[in-house]
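Worksheet: the structure to be examined is printed underneath.
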Amino acid sequence: MKNYLILSLFLSTSALAQVRLPTNEVGQVQYQEIVRVPNAKLPARKLMQQVRAWANDHYAANLSTEQQYDQEHNILFIKSSFPINKQLVRYVLTIEPKFGRYRATITELIVEGNGLTVPVLGSSSTANEIAKATGTKEADLRLAEQAAYQQADLYHQIDKDCRSTLNDLKQTLMKE
């Protein structure tokens with residue numbers, strides 16, 4: 001019985017824990033990496049050719065992906081999305097190659113689903129925050145806990161997918 005109580009406390013605490021995502025100086029969710037490529041003398045234009053080849057391959061199956069190349073500043077903007085459960089997470093990936101390195105930044109994360117469009121915040125809400133915002137009574141606190149758990153799970157998946165995209169880019173460019 002004692003073990004059951006400890007296990008249930010652990011599970012309820014983890015369900016209510018906030019998930020924090022990386023943010024920029026103004027508090028918006030932002031994933032960013034600055035990566036040096038193996039060939040430190042690789043010109044930015046050549047690196048951009050490799051970036052564009054990666055983007056064409058990586059996003060080939062996603063027909064809604066838009067790519068815009070700013071030739072003057074040598075920057076690639078990619079607007080894309082990935083599905084999580086029955087929702088769609090939209091984002092913008094900006095890739096800026098420089099001499100022997102590049103900066104990749106994911107911003108403007110938005111979740112769409114069930115007729116709603118909601119920006120991704122720097123941290124998921126707790127059950128208490130949800131209950132307070134919705135005016136939930138004590139009897140309905142379980143619904144707030146369920147909503148907090150679902151949002152935390154969504155934020156974990158967003159974090160995993162964003163990091164996976166940046167890692168895939170890095171792995172590809174480190175081979176070149």
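Relative contact order of the chain: 27 percent, from C-alpha pairs under 8 Å at least 6 residues apart in sequence. Close Lys pairs in the chain, defined as Cα atoms under 24 Å apart and 8 or more places apart or on different chains, number 15. Suppose we look only past 22 Å in the calculated P(r) of the chain. What percent of the Cα-Cα pairs does that tail hold? Roughly 54 percent, once rounded to a whole number. Treating each Cα of segment 20-112 as one equal point scatterer and applying the Debye formula with no solvent, the log10 of I(q)/I(0) at q = 0.16, 0.20, 0.23 Å⁻¹ comes out as -0.72, -1.03, -1.21. Peptides 58-69, 76-87 ordered by packing proxy, namely the average of other Cβ atoms within 10 Å per residue, highest first: 76-87, 58-69.
Could you list the square roots of 5 times each eigenvalue of the Cα gyration tensor of segment 79-176, that is, the equivalent ellipsoid semi-axes, sorted largest first and rounded to whole Å? Walk me through the numbers on the way to the answer.
Values: eigenvalues 242, 30, 26 Å².
The equivalent ellipsoid of segment 79-176 has semi-axes of 35, 12, 11 Å.
Just so you know, all these numbers are worked out from the coordinates, no wet-lab data involved. On a predicted model such as this, the values are computed, not experimentally measured, just so you know. Glycine gets a Cβ as well: all are built from the backbone with ideal geometry, and neighbour counts include every protein chain shown.
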